[in-house]
1. Once amide H atoms are placed 1.01 Å from N in the peptide plane, what residues at a sequence separation of 5 or more from Leu251, or on another chain, have their amide H within under 5 Å of its amide H?
2. Taking a quarter of the surface of the convex hull around the Cα atoms of segment 101-184, what do you get in nm²?
3. In whole percent, how big is the carbon plus sulfur part of the accessible area of segment 116-258, probe 1.4 Å, protein atoms only?
4. From the P(r) of segment 138-258, could you give the percentage of C-alpha pairs in the tail past 19 Å?
5. On a 1.4 Å probe surface of the protein chains, which of Asp223, Asp66 comes out largest in accessible area, and what is the full order?
6. Write down the accessible area per residue of segment 64-112 in Å², having rolled a 1.4 Å probe over the full set of protein chains.
7. Count charges around Gln81 for me, please; just the other residues with Cβ under 13 Å from its Cβ, Lys/Arg as +1, Asp/Glu as -1.
8. Full-extension gain between Ala54 and Leu171, please, as 0.36 nm times their residue separation minus the C-alpha to C-alpha distance.
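The values are calculated or read from the model by the stated rules, or taken from the named source; none is laboratory data. Note that the structure is a prediction, hence the values are computed from the model and not measured. Heads up, the Cβs are rebuilt from the backbone with ideal geometry, glycines too, and the neighbour counts pull from every protein chain shown. Only protein heavy atoms, including side chains, enter the accessible area calculation; ligands, DNA and RNA are left aside. Shrake-Rupley method; radii C 1.70, N 1.55, O 1.52, S 1.80 Å.
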Amino acid sequence: MRDSLFPFVSEIVAVCRPLSIAVAISAASLPYGLPAAMAAGAPSEASGTALLDAQVLDTARSALLDQAQQSGLLSPELQLQQPAPRPRPACPAGWDVALQDSRSLMRLRLVARCTDDAARVPPQDFLLRATLSAEVLVVTQGVASGQPVTDDQLQLQRRDISQTPDALSTLAPGFAARTTLRPGQLLQKRLLAAAIVVKRGDAVRIQASRGGVSVEGAGEALDSGGRQGLIRVRNNASGRVIQARVLDAGLVEPAELR
């Protein structure tokens, strides 16, 4: 009897073996971050945890890329890492995820809150690590401290700026090096200062415009300053000293007009 059943059992094993291989391949082809347990029909708690993890990653990615674009970075690219996932409580009503602290890309903090207050599910904290790159300006020619920085001294390159959040992709005119800039150095906001366009003792025109009426007078700069900087100016006609905003080389306006 056993001998007569053996061929039948062998056929069943032969049929099932390809099925198990197909299941393994299907699980391996799931999207990144989705636990294999879900592919094998894991409990709903594991599925809920994986979905929450995915929502957290999506929230962080969207918020950080939005910040990067608002700061003027060109073609930002982001990679996110999170510690090994751990079980999370269920919230059938869904989660509200918010980025709480993004001061350091090495330690991003997010909080997920269950949208159903009656469920009494405690908030869930998440810590992520991010790597951000973008097309940013790199110094190609050395610039001495106090000298203007111009486009021909810079070049766009893709760099990891995870540790340099004030890196620049564009440079507005009228800036000088706050300190000596060396070739290969990333251009950062902290390394720039407004270029001096009015020097102490310079003759300047004081321009005052209001309600479509413009009046000009002659003056003398008592301080040095860059564009949009505030300096003291003596009005030659009245001798009065006023606070003035530098508009351009040799041109200022009373600061009180803004």
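1. Close amide H contacts, sequence-distant or interchain: Arg205.
2. Numbers: hull surface 30.3 nm².
Computing the convex hull of the Cα atoms and averaging its projections yields 7.6 nm².
3. On the way: 3890 of 8120 Å².
Of the solvent-accessible surface of segment 116-258, carbon and sulfur hold 48 percent.
4. Values: 3922 of 7260 pairs.
Cα-Cα pairs of segment 138-258 separated by over 19 Å account for 54 percent.
5. On the way: Asp223 45, Asp66 75 Å².
Greatest to least solvent exposure: Asp66, Asp223.
6. On the way: 3070 Å² over 49 residues.
For segment 64-112, the per-residue accessible area is 63 Å².
7. Working: positive: Arg61, Arg107, Arg129; negative: Asp53.
Local charge sum for Gln81: +2.
8. Values: separation 117, 0.36 × 117 = 42.12 nm, distance 3.67 nm.
So the chain would gain 38.5 nm between Ala54 and Leu171.
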